[in-house]
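The values are calculated or read from the model by the stated rules, or taken from the named source; none is laboratory data. Everything numeric in this text was worked out from a predicted model, so none of it was measured. Cβ: placed from backbone, ideal geometry, glycine included. Neighbour counts: every protein chain shown.
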């Protein structure tokens, strides 16, 4: 009976057919995306042998999110999220296929990788907040925490599968086929998006196009303490800690003198930790600022420990634990922001989350790449760990302020209803 309850609570959102279809498609598509991420990082290193160049390409990929993120949130709030995803997923597929063909034909140059990374970033600034808020529309607020956790677990399952597939294809048929296969994977998600029943979505009232909507979103975030404080923590951690796509390839190649397989081992270990953490977390129905602070602190501690490990085995062991607290921080932060946001502001709020989590890489990527090249790859990890600890301390210092607001007490997702006026916020 206990196992039945655990299974029911852990996978409750998958009973919603629309979310189940979306989940299946994303499992395939996101695995391809992580395969492309590994291949792109390895491609840049092979073209340049430079950590700084890797950081620069990574920065270009996330620069649009940093500069234009709020604009992407406005688009998310104005238009049908399902229709937006048809467009963005199609462009992602074409971008991956073009990159793959350039590599296979031997025409690829660094500037081409940079331009295509920038295109990927331009599409992502709309796709990312749309994906996040579309989850809410599929499952409703009462199943949001579970759906966000399962989606985060899916991403980390892809973090395991993607690098393994990338290492396999790089070794057997070459880097180019990683991009081509990823491009083809978008066919699946587009097909499954078409199968989603729009009549069963929890659609908010659409907002009309008026002046000042981006400014309104910024004011809303600044004036809502729990949103502001959560985003500050994410901005710090997103800028310097979540730069594993830069730091781990450097550690794999220059610290452990390995290959793409070494990088895949590190990414997979982190992903397995996140999967386990996600499964354990999915059955829980509460999210709070205290849990967010706790997760950030231990995320930082274990990242620092990983940075000083003398062997690949030990580094893989502790990066596994990093994965556990990484998914805890991401899931709790994402859930708090979505449930605390007004439905008509949710796209803009999640755009700021995307800016803090992904867009900040445009700043942090070059910094971490420079540290890894001119100091040590170990320091590129260590600085990220220190940043997460600092973010947790900032969160701790503001927790007394958070407690004063009834909307920022523990969010019990099980008590939420579809009536927006009765949300516990």
- Within segment 286-394, helices (runs of 4 or more DSSP H) holding 1 or more residues that are within 24 Å of residue 62 (Cβ to Cβ) and touching a strand residue (DSSP E or B) at 6+ places or on another chain (Cβ under 7 Å): 312-340
- For segment 226-274, which residues satisfy the criterion of being at pLDDT below 90, outside any helix (DSSP H, G or I) and surrounded by 22 or more Cβ atoms within 10 Å (Cβ to Cβ)? 242, 243
- Message: For the structure I just gave you, tell me whether residue 139 is modelled with pLDDT of 80 or more, under 20 Å from the mean Cα position of the chain (by Cα) and buried (at least 19 other Cβ atoms within 10 Å of the Cβ).
- Response: yes
- Item | Residue count for segment 79-97, restricted to those that are closer than 16 Å to residue 204 by Cβ and crowded, with 19+ Cβ neighbours inside 10 Å | 3
- Message: Residues to consider are 396, 352; find the one that is modelled with pLDDT of 50 or more, crowded, with 22+ Cβ neighbours inside 10 Å and in contact with a helix residue (DSSP H, G or I) (Cβ under 7 Å, 6 or more places away or on another chain).
- Response: 352
- Message: Looking at (1) out of contact with any helix residue (DSSP H, G or I) (no Cβ under 9 Å at 6 or more places or on another chain); (2) crowded, with 21+ Cβ neighbours inside 10 Å, which one does residue 111 not meet, given that it meets all the others?
- Response: (2)
- If you go through 162, 183, the only one that is closer than 29 Å to residue 275 by Cα, in contact with a helix residue (DSSP H, G or I) (Cβ under 7 Å, 6 or more places away or on another chain), part of a helix (DSSP H, G or I) and at pLDDT below 80 is 162
- Restricting attention to segment 18-51, and to residues there that are more than 21 Å from residue 185 (Cα to Cα) and assigned to a helix (DSSP H, G or I), which single residue is modelled with the lowest pLDDT? 51
- Note on the structure: Reported set for segment 170-185 where residues are surrounded by fewer than 22 Cβ atoms within 10 Å (Cβ to Cβ) and under 16 Å from residue 265 (Cβ atoms) is 171
